[in-house]
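Structure record follows, encoded as structure tokens.
The values are calculated or read from the model by the stated rules, or taken from the named source; none is laboratory data. Just so you know, these numbers come straight off a predicted model, no measurement behind them. Cβ placement follows ideal geometry from the backbone for every residue including glycine, while neighbour counts extend to all protein chains displayed.
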Amino acid sequence: MGRARRSAGVLCLGSICQEVGLQGDELVVGEAVKLELLPASFGNRFVAFLIDLVVMIVATIALIWALLRWGLFFWDAAMAQAAVSAAAALLLLVFPITVETLSRGRSLGKLVMGLRVVNDDGSPVVLRQTFIRAVVAVLEVWVTFGAVAGITMMVNGRGKRIGDLLAGTYAMRIRGVSLQVLALQMPPELAYWAALADTGGVSDSLALRARQFLLRAGSLSPPSRAQLGLALAAEVAAATAPPPPPRTHPERYLAAVVAARRDRELGIAPGRAARAQAVADAARRLPYSIPDPAN
């Protein structure tokens, strides 16, 4: 691949060109599915919080009942204080961290309201992020009775509270999300090239990186999106032949390569299954035409 060149707002590397300054709020996944990610409204998050609060109250009552049943007030003062502290930590930290991590960002309240906590690029949250959210929630939700969290969510454009800002997450509305499957999964101008191109040199890890970039491209700033797309397209182009048509957009090029690899995998999958079945049948067949007693 040649050196990068700029002209008239276009950044080019070989035959792949990227217009600088692209904007958009939509994400395009590797399967050419356009997904509009909508932040949850303050009202939806508040109702979800009330539902989770009811669940925590019920859990608190059940925990107090269990402590009474185990004779909490017959313990000495130190043990009783330790038990209360452990119960508070369990309800305020362990419970929400465990629920959000195992459910990939969905508590009962969020499930009812059709919400999910996700990473800023739309990917599922991880343990580190749920831990940050839960720890900060103790201060901004429980200590201040939700005042700090409410003000922050109303001011922030994506409805983030402080815990979301520190963890790099936000609450996304997944019920009623605009999901549109494009008429053509392969960019039409690259269909002929993709049918003849050799994409066997593209490793699974490289194809996964290309797909992930397409997934999160809409959340990147235009300069970062242009630079990352061009660099990734150049890496993919080094493993494919022949090169794409002149002035091919890198994201269209990446989508064509990902779609071509997927279509070829789907095309050879039935053949692989048939060959595996034939080998299995041959392995079970007795030699020299000896009849099988089981049949």
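Residues that are touching a helix residue (DSSP H, G or I) at 6+ places or on another chain (Cβ under 7 Å) and modelled with pLDDT of 85 or more within the range 31-49 comprise Phe42, Asn44, Arg45, Val47, Ala48, Phe49, listed in sequence order. When the range 141-157 is filtered for residues that are closer than 14 Å to Ala40 by Cα and outside any helix (DSSP H, G or I), the ones remaining, listed by number, are Asn156, Gly157.
When residues in the range 169-190 are screened for being modelled with pLDDT under 50 and small (Gly, Ala, Ser), 2 of them pass.
Surrounded by 17 or more Cβ atoms within 10 Å (Cβ to Cβ), among the hydroxyl-bearing types (Ser, Thr, Tyr) and either farther than 30 Å from Leu208 by Cβ or touching a residue at least 24 places away in the same chain (Cβ under 8 Å) (or both): does that describe Thr144? For Thr144, the condition - surrounded by 17 or more Cβ atoms within 10 Å (Cβ to Cβ), among the hydroxyl-bearing types (Ser, Thr, Tyr) and either farther than 30 Å from Leu208 by Cβ or touching a residue at least 24 places away in the same chain (Cβ under 8 Å) (or both) - is not met.
For Ala83, the stated conditions do not hold, so it cannot be described as assigned to a helix (DSSP H, G or I), outside the structural domain of Arg211 (by TED's automatic domain parsing) and crowded, with 16+ Cβ neighbours inside 10 Å.
Assess whether Ala80 counts as being modelled with pLDDT under 80 and of a type in the set (Gly, Ala, Ser). Spelling it out, Ala80 is indeed modelled with pLDDT under 80 and of a type in the set (Gly, Ala, Ser).
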